[in-house]
Amino acid sequence: MNTGGGADTATGGRRRPVRWLPLAPATLLLLLFLAGPICYCVYIAFTNMQLTGSSHTDFVGLANFRRALSDERFRNAVWLTLVFTFVSSVVGQNTLGLALAGLMRRASRTVRTLTGALVITAWVLPEIVAAFLLYAFFRREGTLNAVLDLFHLPGQNWLFTLPILAVSFANVWRGTAFSMLIYSAALAEIPEEITEAAEVDGASGWRAVWHITLPMIRRSIGTNLMLNTLQTLSVFGLIWAMTRGGPGDRSQTLPVFMYDQAFTKSLIGYGTAVALLLLLVGSLFSVVYLRLMKVEV
């Protein structure tokens, strides 16, 4: 009997560790600079570590997590985070990005270029610059009230009366370009023959969008929703620069609450526990999207 296959298997087994050898430096760096800080953060979340004051750190188990779950300000931050994510990401960026991609597909080249440049400019602006622009737009003496005054409509201090909606609009304004680019690429992959056949069969307008376009870009929708949601959950600079989480706690999402606890009140252990709970919220969103949209990974 020919035992060449066995010999090859044995040789492959001996070569397998050698194949992994070139990856060893990259794996070591990933463990050192990526997994290492994550493991350290997990450790800190179970301690009472503080930035100032106590020089002794004790292991407190689940005390930080129990404190968060019983903290009314934490529950308020969770609620505002869900509102901010749903309004600005799930509805705002996703819907507006899809609408812009669909309209630009049928628009002239000049309109496509101009619209794309405007939307992408908002995306590439540094977060702090975008926050300042939107602050100037929404403040009492800002652009929005000036425009309303031209039409003799009453203005108000939007950052005081509707702070969570103001920062949600800011996130939509800045982040819609990402969705638009994903959907533009997805729509470009739909064969024209399918669209033309649908129009011949009488499926046009919203019926064609609902029965043909959306099912064919279903995976792109799921991917975009998941990426947008995870990105929105971690938005900090935009909110901090516009409202600092206020007035009171009315725009204090989880990242702002975490920063306040860790670096304003110096409770590093508690703030890190909140960060892990935020990571849990993001994981739940990802699982829901993967289950609902049946995205292949």
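Some observations on this one:
- Selected residue (criterion: farthest from Leu284 (Cα to Cα)) from residues of the stretch 225-240 that are surrounded by 20 or more Cβ atoms within 10 Å (Cβ to Cβ) and hydroxyl-bearing (Ser, Thr, Tyr): Thr232
- Among the candidates Leu279, Leu187, Leu254, Leu233, residue that is under 21 Å from Val119 (Cα atoms) and out of contact with any strand residue (DSSP E or B) (no Cβ under 7 Å at 6 or more places or on another chain): Leu187
- Of the helices (runs of 4 or more DSSP H) entirely within the stretch 112-214, those holding at least 2 residues that are open to solvent by 50 Å² or more (accessible area, probe 1.4 Å) and β-branched (Val, Ile, Thr) occupy 127-138, 143-150, 192-200.
- Scanning the stretch 241-256 for residues that are surrounded by fewer than 21 Cβ atoms within 10 Å (Cβ to Cβ) and part of a helix (DSSP H, G or I) turns up just one, Ala241.
- Subset tally (residues that are assigned to a loop (DSSP other than H, G, I, E, B) and either more than 30 Å from Val78 (Cα to Cα) or touching a Leu at 6+ places or on another chain (Cβ under 8 Å) (or both)) for the stretch 215-237: 2
- Taking the stretch 146-164 as the range and being more than 18 Å from Gly246 (Cβ to Cβ) and touching a residue at least 12 places away in the same chain (Cβ under 8 Å) as the test, only Gly155 passes.
- Of the helices (runs of 4 or more DSSP H) lying entirely inside the stretch 31-110, those containing at least 1 residues that are among the hydroxyl-bearing types (Ser, Thr, Tyr) and surrounded by fewer than 18 Cβ atoms within 10 Å (Cβ to Cβ) span 36-45, 63-70, 94-106.
- Subset of the stretch 215-224 [hydrophobic (A, V, I, L, M, F, W, C) and either free of Cβ contacts under 8 Å to residues at least 40 places away in the same chain or open to solvent by less than 20 Å² (accessible area, probe 1.4 Å) (or both)]: Met216, Ile217
- Any hit, the stretch 257-266, residues being in a helix (DSSP H, G or I), of a type in the set (A, V, I, L, M, F, W, C) and surrounded by fewer than 20 Cβ atoms within 10 Å (Cβ to Cβ): yes
The values are calculated or read from the model by the stated rules, or taken from the named source; none is laboratory data. Quick caveat, the model's predicted, so the values are computed rather than measured. Glycine gets a Cβ as well: all are built from the backbone with ideal geometry, and neighbour counts include every protein chain shown. What goes into the accessible areas is simple: the full protein's heavy atoms, side chains included, and nothing from ligands, DNA or RNA. Shrake-Rupley method; radii C 1.70, N 1.55, O 1.52, S 1.80 Å.
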